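Worksheet: one structure, shown below.
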Amino acid sequence: MDSASHISRLSVPTHLSLIVPTYNEGGNIEKIIRILSSILDEALPNDYELIIVDDDSPDRTWEIAQALVTEYPHVWVMRRQAERGLSTAVIRGWQAAQGEVLGVIDGDLQHPPEVLLKLLAAIDQGADLAVASRHVEEGGVSDWSIVRRFLSRGAQMLGLVILPRAISRVSDPMSGYFMVRRSAIAGKLMNPLGYKILIEVLGRGDIERIAEAGYVFQEREEGESKVTWKQYKEYIHHLVRLRFSTGRLGRIRQRIDFPIGRFIRFILVGFTGLAVDMGSLYLLYDVLGLGLTRSAVLAAELAIINNFFWNDLWTFGDISKHQQQRRKVLKRLAKFNIICLMGLILKVLLLNALFNSLHLNAYLANFLAIIAVTIWNFWINLKLSWRVTETK
Ligand code: GDD
Ligand code: MN
């Protein structure tokens, strides 16, 4: 389920809303609520809220937290049952929060709570974003393995390559411990993926002044990290998504509104069509001994049917799943076929024009013709074959 959402403007003001995302933190939740409340009761009496966002933990963390709300009146618990994910949980919490300042801290005490006051002070002194960092003075990690240090730094390097403008603004873009002024992200479409909520804030927020405070990432006392390879994959996907939806590329993309993801799937399907085309040409021409033209035409048709099948299932699956009546499927196949055949004609015309009129090298001309026809096939089929129609 897409979790893109806007951070609303305020109704009942409070100064700080601190989100604690939890999944199976039954062994930590009481301790962290007690410690955070005692720090904030002193620093911000009656002017903060602690929001536990739990994704229906099997160890019933949400239930343990819920049982504490009478004793800690500034605490409230959100139990999400249909969604899972650290950064979407934080966004969900911010969406429901009342604070002028929005913060996030892990629920396993690996982020030392006392650093909160440094972050708060920095925001109150005018920073839009205050980040607890492992890579500045007084920062560090306790005993991380070489592998984890390498992965964490490697992820940061990758971020600097794909999204330099945002990632280079802080020393620890992987940090899950920070505070941001609501006004810096209010009205912005937040659409994070996986674990790295900070890069979403850096990528989409109006962040001018940034402050950092060093902290040492502690060892877990209870429970275990939920980080898996899935998070690393999501991180790369998140970076690419931010790359194409923010900054200059984002503005160009918004203006063109070209569905990159779908186009990449269309091209991948095209490659399977190429394999089917070549494979069946070999079977028909070399094995069965049919004539070359007949074999080539049949092979091309088999490739078109193959491409239709995978495009209907995958590339445009989100559209076609609502139009599964046989009549509609056959209509789409017919349209797809005609458009691809017109594409073939267009390719021959383009190839000849590039080769004969522009005197381009035959293979370069063919390559350019294939690119042009692929975009033609994709765009026309998107607009005609897989058009979203009103359900009758
Ligand atoms: N609601 C919710 N849903 N919470 C989650 C989920 C989820 O799917 N997955 C993890 N959490 C909670 C955990 O319960 C914990 O409170 C916090 O998010 C961090 O999860 P960990 O699994 O402990 O992450 P980590 O310690 O390996 O990494 C943390 O520190 C890194 C360094 O700052 C995370 O904050 C990373 O984002 C950060 O880079
Ligand atoms: Mn942790």
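The values are calculated or read from the model by the stated rules, or taken from the named source; none is laboratory data. Being a predicted model, the structure only gives us computed values, none of them experimental. Note that we place each Cβ from the backbone using ideal geometry, even for glycine, and neighbour counts take in every protein chain shown. To get the accessible areas, we keep the full protein, side chains included, count just its heavy atoms, and leave off ligands, DNA and RNA. Shrake-Rupley method; radii C 1.70, N 1.55, O 1.52, S 1.80 Å.
Can you tell which of VAL90, VAL77 is within 16 Å of ligand 2 (Cβ to nearest atom), at negative phi and buried (at least 22 other Cβ atoms within 10 Å of the Cβ)? Write out each step before concluding.
Values: VAL77 fails: within 16 Å of ligand 2 (Cβ to nearest atom).
From the options VAL90, VAL77, the qualifying one is VAL90.
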Return yes or no: is GLY214 small (Gly, Ala, Ser), at pLDDT 85 or above and more than 16 Å from ligand 1 (Cβ to nearest atom)? no
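Across the range 50-85, which residue is nearest to ILE19 (Cα to Cα) among those that are acidic (Asp, Glu) and more than 13 Å from ligand 1 (Cβ to nearest atom)?
We begin by selecting, within the range 50-85, every residue acidic (Asp, Glu); these are 54-56, 59, 63, 71, 83.
Going one step further and asking which of them are more than 13 Å from ligand 1 (Cβ to nearest atom), we end up with 63, 71.
Numbers: GLU63: 17, GLU71: 18 Å.
If we take residues in the range 50-85 being acidic (Asp, Glu) and more than 13 Å from ligand 1 (Cβ to nearest atom), then GLU63 is nearest to ILE19 (Cα to Cα).
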Counting only residues that are surrounded by 13 or more Cβ atoms within 10 Å (Cβ to Cβ) and of a type in the set (S, T, N, Q), which one in the range 131-156 is nearest to ligand 1 (Cβ to nearest atom)? SER152
Breaking point among (1) surrounded by fewer than 16 Cβ atoms within 10 Å (Cβ to Cβ); (2) under 26 Å from the mean Cα position of the chain (by Cα); (3) more than 13 Å from ligand 2 (Cβ to nearest atom), for ASP128: (1)
If I ask for residues that are near ligand 1 (Cβ under 10 Å from one of its atoms) and outside any helix (DSSP H, G or I), which ones from the range 93-130 would you list? VAL104, ILE105, ASP106, GLY107, ASP108, LEU109, GLN110, HIS111
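Within the range 53-65, identify whether any single residue is without any contact (Cβ under 8 Å) to a residue 12 or more places away in the chain and over 18 Å from GLU114 (Cβ atoms), and answer yes or no. Can you show your working first?
The initial filter retains those residues of the range 53-65 that are without any contact (Cβ under 8 Å) to a residue 12 or more places away in the chain, namely 63.
Of the ones still in play, those that are also over 18 Å from GLU114 (Cβ atoms) are 63.
Yes.
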Check SER183, SER225, SER245 and return the single one that is of a type in the set (Ser, Thr, Tyr) and either open to solvent by less than 40 Å² (accessible area, probe 1.4 Å) or touching a helix residue (DSSP H, G or I) at 6+ places or on another chain (Cβ under 7 Å) (or both). SER245
Please find, within the range 207-222, the residue that is nearest to PRO113 (Cα to Cα) out of those that are out of contact with any Ser or Thr (no Cβ under 8 Å at 6 or more places or on another chain) and surrounded by 19 or more Cβ atoms within 10 Å (Cβ to Cβ). ALA211
How about the range 157-189: which of its residues are within 12 Å of ligand 1 (Cβ to nearest atom), outside any loop (DSSP other than H, G, I, E, B) and closer than 14 Å to ILE207 by Cβ? PHE178
Counted residues, the range 41-80 - those being over 20 Å from GLY27 (Cβ atoms) and part of a helix (DSSP H, G or I): 3
Across the range 267-290, the tally of residues that are surrounded by 12 or more Cβ atoms within 10 Å (Cβ to Cβ), free of Cβ contacts under 8 Å to residues at least 12 places away in the same chain and among the β-branched types (Val, Ile, Thr) stands at 0
Residues within the range 291-348 that are open to solvent by 50 Å² or more (accessible area, probe 1.4 Å) and either assigned to a loop (DSSP other than H, G, I, E, B) or touching a strand residue (DSSP E or B) at 6+ places or on another chain (Cβ under 9 Å) (or both), tallied: 4
Log entry, pairs with first residue in the range 223-244 being free of Cβ contacts under 8 Å to residues at least 24 places away in the same chain, second being assigned to a helix (DSSP H, G or I), beta carbons closer than 7 Å, six or more apart or on different chains, reads PHE244/GLY250; PHE244/ARG253; PHE244/ILE260
Could you tell me which residue of the range 303-357 is nearest to GLY273 (Cα to Cα), considering only residues that are hydroxyl-bearing (Ser, Thr, Tyr) and touching a residue at least 24 places away in the same chain (Cβ under 8 Å)? THR315
List pairs: first in the range 180-198 and over 11 Å from GLU100 (Cβ atoms) and within 16 Å of ligand 2 (Cβ to nearest atom), second in a strand (DSSP E or B) and open to solvent by 40 Å² or more (accessible area, probe 1.4 Å), Cβ under 7 Å, 6+ apart or cross-chain? none
If you go through the range 370-377 one residue at a time, do you hit one that is among the polar types (S, T, N, Q), open to solvent by less than 60 Å² (accessible area, probe 1.4 Å) and in a helix (DSSP H, G or I)? yes
Given (1) farther than 23 Å from GLU234 by Cβ; (2) open to solvent by 60 Å² or more (accessible area, probe 1.4 Å), number of the condition ALA82 does not satisfy: (1)
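May I ask you to verify whether ILE236 is open to solvent by 20 Å² or more (accessible area, probe 1.4 Å) and either more than 16 Å from ligand 1 (Cβ to nearest atom) or in a helix (DSSP H, G or I) (or both)? Show your work before the answer.
On the way: open to solvent by 20 Å² or more (accessible area, probe 1.4 Å): yes; either more than 16 Å from ligand 1 (Cβ to nearest atom) or in a helix (DSSP H, G or I) (or both): yes.
So ILE236 fits the description; yes.
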In the range 14-47, what residues are touching a helix residue (DSSP H, G or I) at 6+ places or on another chain (Cβ under 9 Å), open to solvent by 10 Å² or more (accessible area, probe 1.4 Å) and either of a type in the set (A, V, I, L, M) or under 18 Å from TRP94 (Cα atoms) (or both)? HIS15, PRO21, TYR23, ILE39, ALA43, LEU44, ASP47
